[in-house]
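Asker: Below is a structure I'd like to ask you about.
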Amino acid sequence: MSNTVLVTGGAGYIGSHAVLALLQNGKNVVVLDNLSNSLRAALDHVENICGKRPVFVEGDIRDSALLDQVFSEHAIEAVFHFAGLKAVGESVREPEKYYDNNVAGTLTLLKTMNQHGVFNFVFSSSATVYGCPSEMPISEETKVERPTNPYGRTKLIIEDMLRDFSDADERWNIALLRYFNPIGAHESGLLGEHPQGIPNNLLPYISQVAIGTLKELKVFGNDHPTPDGTGIRDYIHVVDLVEGHLKALDFICEHKGLHTWNLGTGTGYSVIEIIDSFEQVTGQNIPYSFTERRAGDVAESWSNPAKAKVEMNWVASRTLEDMIRDTWRWQSNYPAGYASTPTPTH
Ligand code: NAD
Ligand code: UD1
């Protein structure tokens, strides 16, 4: 539908995969990213895969003059909004940074869109808006609860803000995409996650243990009320996730209003199951030990993704083995992410 898409945060992990998918689907893409958690090199890798390059604007979503310029210079018809800060621990220590970047940044973006008559908006929300979920699996009908940390609360505030905008002005077409746990990498091995510093999330951490950058995995708790005592999550391949964005864009262009979808596989795996699979798929040994539960962690979180299937004909098709194999291919090709000397081995 929409031919030119602005991708905020398009140099980041999920954003760069979305940029690739959009270009491969014949869209024109403008990326706006302040590179606070990414490198421009990600877009070189996108070009290496598909032979096309997005327009790149280095800048901040809170800079309304810059946004005005971007919307004036490009015939933008839709926005994929990935830009934001996402480190849970940091959000507890520095909440102001999170409310400013995520909430104020999104508001600035929405105001500029309004001024330029652009109303198609796809937002990266998170299963974190379900807080400590009252039921499992989690459907879109499951009660949204107060998230356990400031990062999560910025997502819920933005969702509420978008709902209010949609209620007040029927020109807005909005997709709230609640991601479960995105992992994996593009199957070319050229595009993947580039965490800065010590990773907070499970798969990046395990990958760095596997290549020897980190010594051992600390498993946060073996006393959760789950079959093996470790936390259960719904891991979803990043390429399936971005396919969900393309379907969501088509859907909102044809069905007005605000729509909410869970993007998950519908299957949960425990930390121990992930370690076992990682060892099996990669042949690497993952030393680990148990430690305290991490503050704010829920025991289990997995989706009922039926609504996305029924309404947009989207299902996550890639298996856990695919996710781990692709993560490992990327990690072993680029041990230091985009800062690595490019010496692909696969
Ligand atoms: P990421 O950090 O790799 O990508 C975010 C990008 O946004 C980065 O390139 C960063 O430089 C850019 N950015 C941050 N603040 C900006 C600003 N003010 N102006 C312009 N650019 C800015 O993160 P990701 O994993 O790709 O996540 C993308 C989005 O999805 C985020 O909004 C995140 O909260 C959300 N999300 C991610 C996960 C996950 O597990 N990765 C889960 C749920 C939701
Ligand atoms: C975390 C965030 C969530 C955010 C998501 C994506 C918290 C409380 N939640 O989700 O808000 O949207 O990342 O950025 O931080 N684990 C270990 N050892 C590790 C790392 C993780 O045992 O070193 C366990 C966790 O306890 C959990 C599972 O692995 O059971 C997955 O953890 P993680 O990848 O951090 O994702 P979430 O906790 O689901």
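Asker: When you scan region 46-66, do you find a residue that is in contact (Cβ under 8 Å) with a residue 12 or more places away in the chain, among the aromatic types (F, W, Y) and open to solvent by 40 Å² or more (accessible area, probe 1.4 Å), even just one?
Answerer: Within region 46-66, one or more residues are in contact (Cβ under 8 Å) with a residue 12 or more places away in the chain, among the aromatic types (F, W, Y) and open to solvent by 40 Å² or more (accessible area, probe 1.4 Å).
Asker: I'd like the residue in region 182-204 that is of a type in the set (S, T, N, Q) and in contact (Cβ under 8 Å) with a residue 60 or more places away in the chain and, out of all such residues, is farthest from ligand 2 (Cβ to nearest atom). Full working, then the answer.
Answerer: Applying the first criterion (of a type in the set (S, T, N, Q)) to region 182-204 yields 188, 196, 200-201.
Those still in the list that are in contact (Cβ under 8 Å) with a residue 60 or more places away in the chain too: 188, 196, 200.
Numbers: S188: 24, Q196: 13, N200: 6 Å.
So the residue we want is S188.
Asker: What number of residues within region 67-98 are among the acidic types (D, E), closer than 28 Å to K256 by Cβ and surrounded by fewer than 18 Cβ atoms within 10 Å (Cβ to Cβ)?
Answerer: Of region 67-98, the ones among the acidic types (D, E) are 68, 73, 77, 90, 94, 96.
Next, only the ones that are closer than 28 Å to K256 by Cβ stay: 68, 73, 77.
Filter once more, so that each one left must be surrounded by fewer than 18 Cβ atoms within 10 Å (Cβ to Cβ): 68, 73.
Looking only at that region, the number is 2.
Asker: What number of residues within region 35-45 satisfy the criterion of being touching a residue at least 24 places away in the same chain (Cβ under 8 Å), assigned to a helix (DSSP H, G or I) and not hydrophobic (A, V, I, L, M, F, W, C)? Spell out the reasoning first.
Answerer: Our first condition is that a residue be touching a residue at least 24 places away in the same chain (Cβ under 8 Å); within region 35-45, this holds for 35-43, 45.
Right, trim to assigned to a helix (DSSP H, G or I) and you get 41-43, 45.
Pick out the ones that are also not hydrophobic (A, V, I, L, M, F, W, C) and you get 45.
Residues in region 35-45 being touching a residue at least 24 places away in the same chain (Cβ under 8 Å), assigned to a helix (DSSP H, G or I) and not hydrophobic (A, V, I, L, M, F, W, C): 1 in total.
Asker: From L156, L191, L202, which residue is closer than 30 Å to E73 by Cα and aliphatic (A, V, I, L, M)? Walk me through how you get there before you give the answer.
Answerer: Details: L156 fails: closer than 30 Å to E73 by Cα; L202 fails: closer than 30 Å to E73 by Cα.
L191 is the lone residue from the list that is closer than 30 Å to E73 by Cα and aliphatic (A, V, I, L, M).
Asker: Also, quick follow-up: With the checklist (1) closer than 23 Å to I157 by Cα; (2) open to solvent by less than 30 Å² (accessible area, probe 1.4 Å); (3) not in a helix (DSSP H, G or I) in hand, flag the one item N101 doesn't pass.
Answerer: (3)
Asker: Could you please let me know if K111 is touching a residue at least 24 places away in the same chain (Cβ under 8 Å) and open to solvent by 10 Å² or more (accessible area, probe 1.4 Å)?
Answerer: Details: touching a residue at least 24 places away in the same chain (Cβ under 8 Å): yes; open to solvent by 10 Å² or more (accessible area, probe 1.4 Å): yes.
Taking the combined requirement at face value, the residue satisfies it.
Asker: Quick check on my filter: what residues within region 239-256 are more than 21 Å from M323 (Cβ to Cβ) and in contact with a helix residue (DSSP H, G or I) (Cβ under 6 Å, 6 or more places away or on another chain)?
Answerer: Scanning region 239-256 gives a single hit, F251.
Asker: At least 3 residues that are among the aromatic types (F, W, Y) and surrounded by fewer than 17 Cβ atoms within 10 Å (Cβ to Cβ) in each: list the helices (runs of 4 or more DSSP H) lying fully within region 180-293 that qualify.
Answerer: On the way: elements: 202-210, 238-254, 271-282.
Hits in region 180-293: none.
Asker: Something else now. Looking at region 2-34, which of its residues are open to solvent by 40 Å² or more (accessible area, probe 1.4 Å) and either touching a strand residue (DSSP E or B) at 6+ places or on another chain (Cβ under 9 Å) or free of Cβ contacts under 8 Å to residues at least 24 places away in the same chain (or both)?
Answerer: First, pick out the residues of region 2-34 that are open to solvent by 40 Å² or more (accessible area, probe 1.4 Å): 3, 24-26, 28, 34.
Of everything in region 2-34, those that are open to solvent by 40 Å² or more (accessible area, probe 1.4 Å) and either touching a strand residue (DSSP E or B) at 6+ places or on another chain (Cβ under 9 Å) or free of Cβ contacts under 8 Å to residues at least 24 places away in the same chain (or both) turn out to be N3, G26, N28, N34.
Asker: If you don't mind, another one. Looking at this structure, is I14 within 16 Å of ligand 2 (Cβ to nearest atom), under 21 Å from the mean Cα position of the chain (by Cα) and of a type in the set (A, V, I, L, M)? Full working, then the answer.
Answerer: Details: within 16 Å of ligand 2 (Cβ to nearest atom): yes; under 21 Å from the mean Cα position of the chain (by Cα): yes; of a type in the set (A, V, I, L, M): yes.
Here the answer is yes, as I14 does meet what is asked.
Asker: Kindly provide the set of residues from region 267-291 that are out of contact with any Lys or Arg (no Cβ under 9 Å at 6 or more places or on another chain), within 16 Å of ligand 2 (Cβ to nearest atom) and not β-branched (V, I, T), ordered by number.
Answerer: To start, the set of residues in region 267-291 that are out of contact with any Lys or Arg (no Cβ under 9 Å at 6 or more places or on another chain) comprises 267, 272-273, 275-280, 283-286.
Keeping just the survivors that are within 16 Å of ligand 2 (Cβ to nearest atom) gives 267, 272-273, 275-279, 286.
Once the filter is applied, which keeps residues that are out of contact with any Lys or Arg (no Cβ under 9 Å at 6 or more places or on another chain), within 16 Å of ligand 2 (Cβ to nearest atom) and not β-branched (V, I, T), region 267-291 yields E273, D276, S277, F278, E279.
Asker: Go through (1) open to solvent by 10 Å² or more (accessible area, probe 1.4 Å); (2) more than 11 Å from ligand 1 (Cβ to nearest atom); (3) in contact with a strand residue (DSSP E or B) (Cβ under 6 Å, 6 or more places away or on another chain) for S139 and report which single condition fails.
Answerer: Checking S139 against (1) open to solvent by 10 Å² or more (accessible area, probe 1.4 Å); (2) more than 11 Å from ligand 1 (Cβ to nearest atom); (3) in contact with a strand residue (DSSP E or B) (Cβ under 6 Å, 6 or more places away or on another chain), the one that fails is (3).
Asker: Related question: May I ask you to verify whether A42 is near ligand 1 (Cβ under 9 Å from one of its atoms), farther than 30 Å from A295 by Cα and in contact with a His (Cβ under 8 Å, 6 or more places away or on another chain)? It would help to see each step written out before you state the result.
Answerer: On the way: near ligand 1 (Cβ under 9 Å from one of its atoms): yes; farther than 30 Å from A295 by Cα: yes; in contact with a His (Cβ under 8 Å, 6 or more places away or on another chain): yes.
Yes.
The values are calculated or read from the model by the stated rules, or taken from the named source; none is laboratory data. Here the structure is a predicted model, which means the values were calculated and not measured. Please note: Cβ atoms are built from the backbone with ideal geometry, for glycine as well, and neighbour counts cover all protein chains shown. Ligands, DNA and RNA are stripped out before the accessible areas are found, and what is left, the full protein with its side chains, is counted by its heavy atoms. Shrake-Rupley method; radii C 1.70, N 1.55, O 1.52, S 1.80 Å.
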